[in-house]
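Single-structure report; data block below.
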Amino acid sequence: MTTYQVIPPGRTIGILGGGQLGKMMAMSAKQMGYRVIVLDPASDCPCAQVCDEIIAAAYDDRAAAKKLVERSDVITYEFENVDLDVARYIEEAGYLPQTSKLLAITQNRLNEKESLTQAGLKVAPYKKVVSKESLTEAVQALGLPAVLKTVQGGYDGKGQLVIRTEAELEEAYDWLDEERVYVLEQWVRFTKELSVMVVRHPSGEIKTFPVAENTHRNNILHQSTIPASVSQEIAAKAEQAARTIAQDMSLVGALGVEMFLTEEDEVFVNELAPRPHNSGHYTIEACEFSQFEQHIRAICSLPLGHINLFKPAVMVNILGQHLHGVLQALPTWKHAHLHLYGKDEAKMNRKMGHITILTEDIDQTLNDLDQTKIWLD
Ligand code: AMP
């Protein structure tokens with residue numbers, strides 16, 4: 001039988017990583033009366049605006065991790081590229097209900113794909129690539145187009161190269177760093193990209209949020225619309241995939257499952273995020289309990305809240321290049337919930353914030369947003 005600790009409000013939640021996800025987790029935790037301490041290399045990280053205490057140190061700083069353990073009753077991570085050894089140490093010395101095992105799976109695309117396949121889920125056909133020769137073999141086996149991804153450390157399209165033609169394959173040979181490990185994935189001719197946020201309580205109870213339909217630009221999430229415009233059967237398939245993953249990986253907390261829907265109505269799992277996810281931000285306004293609140297409840301072993309969608313929703317990311325336009329248009333927007341993460345430099349493609357609009361007519365809302373021309377890039 002699983003043993004788990006109930007962490008009541010008043011106790012301290014430690015968060016590894018102080019980005020926007022950490023900030024929104026901390027806001028839910030603070031609302032519920034927890035103390036929050038965050039470990040992040042930057043003392044002015046987004047989470048620093050709302051937490052009680054910050055330990056500004058590198059993620060592989062063992063002394064800093066020890067301090068976090070000593071001061072926290074429960075620890076959670078808000079992104080998957082934290083140092084695995086440190087996560088293992090925290091698990092030994094403190095309480096990390098999300099587990100380091102889930103990190104070890106999701107930090108490495110090959111491990112992730114193997115685990116998904118073992119759980120009976122479909123992923124795009126793939127091959128491991130460690131050299132130019134193995135890239136040639138992988139292309140022969142999978143055909144083109146395909147996408148070459150670093151096995152570790154990539155996010156938001158970083159560390160990825162799409163190979164469509166022989167000429168691009170030549171470029172890929174030059175791009176490849178034989179010190180690293182890659183995975184070549186067959187290009188999936190998807191009709192839609194979907195995602196499901198799933199949350200699991202340590203007792204084994206699992207809940208899924210409504211399926212989101214996502215659009216990416218330059219491999220970065222641009223917009224999510226909820227509910228996805230798919231049949232009930234497909235929504236059920238996507239939700240079931242997320243449940244299977246949560247169960248199979250003994251998830252505790254929230255996890256995002258990104259998926260491709262194929263022309264044959266098959267669901268392929270693309271990627272897992274073992275924490276709240278950008279495509280689940282809509283839950284803050286559109287659902288009775290947000291992904292962040294559910295995550296905090298799960299890691300503190302409080303009962304999971306109901307999941308219901310108040311209204312369909314549109315969520316659009318605000319990247320560095322969109323910020324100026326958003327701020328200019330803001331005085332005329334009545335219905336957009338604005339979230340800015342408090343990052344000072346509005347760099348190109350940096351996630352600065354997002355808006356969520358609850359709407360009865362998703363197409364009309366998307367049309368209205370197009371008219372603003374803010375997201376034309
Ligand atoms: P990822 O970093 O794996 O989440 O990929 C970012 C985005 O690139 C995805 O959301 C897709 O839009 C696209 N992409 C990645 N892998 C594939 C693939 N095998 N087939 C088609 N599109 C892909």
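Only the coordinates and a few stated rules stand behind these numbers; no lab work does. Just so it is clear, the structure is predicted and the values come from calculations on it, not from any experiment. Neighbour counts run over all protein chains shown; Cβ positions are idealised from the backbone, glycine included.
Please express the Cα-Cα pair-distance distribution P(r) of segment 225-377 as a list of whole percents, one per 10 Å bin, running from 0 to the bin with the greatest distance.
10, 33, 36, 19, 2
Return the Cα extents of segment 260-339 along principal axes one, two and three, sorted largest first, each rounded to a whole Å.
Answer, in whole Å and largest first: 41, 39, 24 Å.
Taking the Cα centre of each part, how many Å lie between segment 215-269 and segment 290-360?
So the two Cα centres are separated by 19 Å.
Taking amide hydrogens as modeled 1.01 Å from N in the peptide plane, which residues meet the under 5 Å criterion relative to residue 163, leaving out close sequence neighbours?
So residue 163 has HN proximity to 146, 147, 148.
Charges only on Cβ, +1 for Lys and Arg, -1 for Asp and Glu: so what's the dipole of segment 190-372 about the Cα centre, in debye to the nearest 20?
Dipole of segment 190-372, to the nearest 20 debye: 740 debye.
Hey, how many Å between the Cα centroid of segment 61-121 and the Cα centroid of segment 12-28?
So the two Cα centres are separated by 15 Å.
Work out the charge dipole of segment 190-372 with +1 on the Cβ of Lys and Arg and -1 on the Cβ of Asp and Glu about the Cα centre, then indicate which of 308, 247, 320 is farthest towards its positive end.
Positive-end residue among those listed: 320.
Using a Förster distance of 45 Å, how high is the FRET efficiency between residue 85 and residue 231, based on the Cβ-Cβ distance and rounded to 0.05?
The pair residue 85/residue 231 has a calculated efficiency of 0.50.
Near residue 113, which lysines are there with a Cα under 21 Å away, not counting those fewer than 8 places off in the same chain?
Answer for residue 113, where 21 Å is the Cα cut-off: 101, 122, 127, 128, 149, 158, 192, 237, listed by chain and number.
Please give the FRET efficiency for residue 58 paired with residue 288, using the beta carbon to beta carbon distance and R0 = 30 Å, rounded to the nearest 0.05.
0.20
Can you give the extra length, in nm with one decimal, that the chain gains between residue 180 and residue 101 once fully stretched, where that is 0.36 nm per residue apart less the Cα-Cα distance?
Contour length minus Cα-Cα distance gives 26.2 nm.
Taking the inverse of the average 1/r across all pairs of different Cα atoms in segment 12-96, what Kirkwood radius in Å do you get?
So the Kirkwood estimate lands at 12.2 Å.
Tell me, rounded to the nearest percent, the portion of alpha carbon pairs in the chain spaced more than 25 Å apart.
Here the long-distance tail beyond 25 Å is 56 percent of all Cα pairs in the chain.
How large is ³J(HN,Hα) for each residue in segment 83-94, as worked out from phi by the Karplus curve 6.51 cos²θ - 1.76 cosθ + 1.60 (θ = phi - 60°), to whole Hz, x for Gly and Pro?
Residue by residue, segment 83-94 yields 4, 5, 5, 5, 4, 5, 4, 4, 5, 6, 8, x Hz.
If you take the beta carbon distance between residue 137 and residue 372 as r and set R0 to 51 Å, what does 1/(1 + (r/R0)^6) give as a FRET efficiency, to the nearest 0.05?
0.60
Let's see if you can work this out: charge +1 on each Lys and Arg Cβ, -1 on each Asp and Glu Cβ, no other charges. What is the dipole magnitude of segment 12-96 about its Cα centre, in debye to the nearest 20?
Around 280 debye, computed over segment 12-96.
Pick out, from 222, 211, 374, the residue whose Cα sits farthest towards the positive end of the charge dipole of the chain, with +1 on the Cβ of Lys and Arg and -1 on the Cβ of Asp and Glu.
211
Quick one: compute the contact order of the chain, relative version, from alpha carbon pairs under 8 angstrom and 6+ residues apart, as a percent.
It rounds to 14 percent for the chain.
Rounded to the nearest 500, what is the chain's calculated 222 nm mean residue ellipticity when only DSSP H runs of at least 4 contribute -39500 (n - 2.57) each, over all residues?
About -9000 deg cm²/dmol.
Given the peptides 61-69, 158-166, 125-133, arrange them by the average over their residues of other C-beta atoms within 10 Å, most packed first.
61-69, 125-133, 158-166
Modelling each spin label as a point 7 Å along the Cα-to-Cβ direction, I'd like the residue 333/residue 346 distance in nm, to one decimal.
Distance between label points: 1.2 nm.
Of 75, 19, 335, which is farthest along the charge dipole of the chain in the positive direction, counting Lys and Arg as +1 and Asp and Glu as -1 at C-beta?
The one lying farthest along the dipole's positive direction is 75.
Given points 7 Å out from each Cα along the Cα-Cβ axis, report the residue 110 to residue 171 separation in nanometres with one decimal.
Computed distance between label sites residue 110 and residue 171 equals 2.6 nm.
Using +1 on the beta carbon of Lys and Arg, -1 on that of Asp and Glu, and nothing else charged, what's the dipole of the chain about the Cα centre, debye to 20?
Using Cβ point charges on Lys, Arg, Asp and Glu, the chain gives about 960 debye.
Per residue of segment 64-74, in order, report the coupling 6.51 cos²θ - 1.76 cosθ + 1.60 (Karplus, θ = phi - 60°) as ³J(HN,Hα) in whole Hz, putting x for Gly and Pro.
Going residue by residue, I get 5, 5, 4, 4, 4, 4, 5, 9, 10, 8, 8 Hz, with x marking Gly and Pro.
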